[in-house]
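Okay, so here's the structure we're looking at.
The values are calculated or read from the model by the stated rules, or taken from the named source; none is laboratory data. These numbers were taken from a predicted model, which means no experiment stands behind them. Neighbour counts are summed over all protein chains in view; Cβ atoms, including those assigned to glycine, are modelled from backbone coordinates with ideal geometry.
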Amino acid sequence: MKELLQLFWAFFKIGSLTFGGGYAMLPMLERELADRYKWVTLEEIVDYFAIGQCTPGVIAVNTATFVGHKKRGVIGGIVATLGVIAPSLIIITAIASVLELVMGNAVVQHAFSGISVAVCALMVQSVIKMGKSGIKNIFGIVVALASFCASMFLKVSPIIIVLCAGVCGAVYKAVKGEK
């Protein structure tokens, strides 16, 4: 029971501080799940994010479900998922009643502008850390650059990019004779 409460609380904290979508939660996932509790490795977080991109739904919810399931099976997946969505439900319910008043306020608009800038900085930090752990050779550099170009300039769907990168990785390992 204690571990389920820890799962819920860890994802509740992540869910309550994740402004800007799933990618913004990467630093918090790393700190809470990999560094503090050691439930997953950074590589596993990257894998869960990749799978989360290829499956329907919100990346944050998918990642919480994967980590919770890894830790405690189906009940762990449910508890972690509830933890990550509970703050949003609470906040949205509270804000919905005063939405027009809040969004018209210049101070609130400026606060959200500042939050957006901070989220971008955190995302850049996470991308650099993930790149260091995931890009280990020239093949990784080529796949990363090709993925970036396909996304940025050709507007290829992230799902297609992830699937193609997976196929390339499998082919590369097969040609090298690795499992």
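Would you check if residue 3 is within 18 Å of residue 129 (Cβ to Cβ) and either acidic (Asp, Glu) or not assigned by TED's automatic domain parsing to the domain that holds residue 120 (or both)? No.
Which of the following residues is hydrophobic (A, V, I, L, M, F, W, C), at pLDDT 85 or above and either over 27 Å from residue 159 (Cα atoms) or not assigned by TED's automatic domain parsing to the domain that holds residue 161 (or both): 58, 79? First the steps, then the outcome.
Details: 58 fails: at pLDDT 85 or above.
The unique qualifying residue is 79.
Could you tell me whether residue 99 is surrounded by 13 or more Cβ atoms within 10 Å (Cβ to Cβ) and farther than 17 Å from residue 5 by Cβ? When the stated conditions are applied, residue 99 does not pass them.
Given the criteria in contact with a Lys or Arg (Cβ under 8 Å, 6 or more places away or on another chain), part of a helix (DSSP H, G or I), of a type in the set (Asp, Glu) and surrounded by fewer than 21 Cβ atoms within 10 Å (Cβ to Cβ), does residue 3 qualify?
Details: in contact with a Lys or Arg (Cβ under 8 Å, 6 or more places away or on another chain): yes; part of a helix (DSSP H, G or I): yes; of a type in the set (Asp, Glu): yes; surrounded by fewer than 21 Cβ atoms within 10 Å (Cβ to Cβ): yes.
It is true that residue 3 is in contact with a Lys or Arg (Cβ under 8 Å, 6 or more places away or on another chain), part of a helix (DSSP H, G or I), of a type in the set (Asp, Glu) and surrounded by fewer than 21 Cβ atoms within 10 Å (Cβ to Cβ).
Pairing each residue of region 143-163 that is outside the structural domain of residue 49 (by TED's automatic domain parsing) with any residue that is surrounded by 13 or more Cβ atoms within 10 Å (Cβ to Cβ) and among the hydroxyl-bearing types (Ser, Thr, Tyr), provided the two are 6+ apart or on different chains, yields C-beta distances under 7 Å for 158/151; 161/147; 161/151.
Just give me the residues in region 101-120 being of a type in the set (S, T, N, Q) and closer than 19 Å to residue 14 by Cα, in sequence order.
Residues of region 101-120 of a type in the set (S, T, N, Q): 105, 109, 113, 116.
Passing the criteria: only 116.
Among the residues of region 60-87, the ones that are surrounded by fewer than 23 Cβ atoms within 10 Å (Cβ to Cβ) and of a type in the set (Gly, Ala, Ser) come to 4 in all.
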